[in-house]
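Notes for the one structure printed next.
Each reported figure results from applying straightforward, stated rules to the coordinates on display, with no laboratory input. Keep in mind that what you see is a predicted model, and the values were worked out from it rather than measured. Counting neighbours? That spans all protein chains shown, and the Cβs are built from the backbone with ideal geometry, glycine included.
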Amino acid sequence: MKYRRLGTHSPTVSALGLGCMGMSASYGVPDNAESVRTLDRAVELGVTLLDTADAYGRGANEEFLGRWLRSRSAAQRDGLVVLAWLLAQGKDIVPIPGTKRRAYLEENAAAAGIALGPEQAARLRAAVPDGAVAGERYPLAALERLVH
């Protein structure tokens, strides 16, 4: 897979993303089993950009992708490490992982008790160098559409 930088100060993502709108009821009855296989294969192929939007199924895509991520034990462990790393960046950083399930809330809350060692922190810092992720969450035009 080839990768591209989005903008001048934005993350590098796979040159081909995966649109996930069809994984919710936006295009008829969803086939969750096939969607899971598609997501697994996309990751195997090196796809790192999964496109969802609040407007697709009113959050159905994000919920589905969240379940898919959680079903992958390594993904959940990695998610906890990411939360722990974010918490270690300073008292002015407040991660906000979304969930509607108490069990996942408890898993996410466990990240506050994870202490990263210097070697782990250095490895994570190298994986996401300063400036690799920057910019607004939504372009202004998209943000205006989301205002209720």
> Between S10 and residues 5 or more places away or on another chain, which pairs have amide H atoms under 5 Å apart, with H built 1.01 Å from N, and which residues are they?
Replying inline: none
>> I'd like the distance between the alpha-carbon centres of the stretch 93-148 and the stretch 13-40, rounded to an integer number of Å.
In response: 23
> Over the chain, what is the relative contact order in whole percent, taking alpha-carbon pairs under 8 Å and six or more residues apart?
Replying inline: 24
> Using the per-residue mean of other Cβ atoms lying within 10 Å as a proxy for protection, in what order, highest first, do the peptides 64-71, 100-107 fall?
Replying inline: 64-71, 100-107
> Hey, any idea what the orientation-averaged projected area of the convex hull of the chain's Cα atoms comes to, in nm²?
Replying inline: 10.6
> Under 5 Å between amide H atoms, partner at least 5 residues away or on a different chain: which partners does L49 have, H built in plane at 1.01 Å?
Replying inline: S14, L18
